[in-house]
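Just below is one structure, and these are the notes that go with it.
Derivation of every value follows stated rules applied to the coordinates shown; laboratory data play no part. Here the structure is a predicted model, which is why all the values come from computation and not from measurement. We place every Cβ from the backbone using ideal geometry, glycine too, and count neighbours over all the protein chains shown.
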Amino acid sequence: MSLSNTPGCVKLRPGKTYDGKQGFSYFEGVARETVGSQAICMHLLTIPPGGRAKAHKHDSHETAIYVLSGRAIMHWGDRLENCMETAAGDMIYIPANVPHLPINNSEDVVTAVIARTDPREQESVTLLPELDTLID
């Protein structure tokens, strides 16, 4: 019996980056484009001190974040009316279609692992420029 058509495990090491619509650079990770994943992607994100995303939502996928280092805040809700403080060790869940805007308001770099339920996660990102000016 030949196993040549059996999908294989793939090991990656963050190296190359890509610019997301949200305004951050992500380290390439597990995605359809890199490993052929069908229902998940996972990337490493570093946010420099003072770094801020553009207000956005993910129309059709959920997001899970594990903060490895640093502290940040995330505004979320229809008008970004909620604010969540995050720190190393926190796990964050963002449902599909929820507007949010993460900000590193500290003097340290924030590093996080981000997993999403879409192997091509940039396809369902919708920018919400009308919300960007709500948060200083």
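See the values below:
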| item | result |
| --- | --- |
| Qualifying residue in the range 109-124 (condition: free of Cβ contacts under 8 Å to residues at least 24 places away in the same chain and touching a strand residue (DSSP E or B) at 6+ places or on another chain (Cβ under 6 Å)) | no |
| Single residue of GLY50, GLY23 found to be assigned to a loop (DSSP other than H, G, I, E, B), surrounded by fewer than 18 Cβ atoms within 10 Å (Cβ to Cβ) and in contact with a Lys or Arg (Cβ under 6 Å, 6 or more places away or on another chain) | GLY23 |
| Filter pass, PRO102 being in contact with a Lys or Arg (Cβ under 6 Å, 6 or more places away or on another chain) and surrounded by 15 or more Cβ atoms within 10 Å (Cβ to Cβ) | no |
| The range 42-87: number of residues that are small (Gly, Ala, Ser), out of contact with any helix residue (DSSP H, G or I) (no Cβ under 7 Å at 6 or more places or on another chain) and under 19 Å from SER25 (Cα atoms) | 7 |
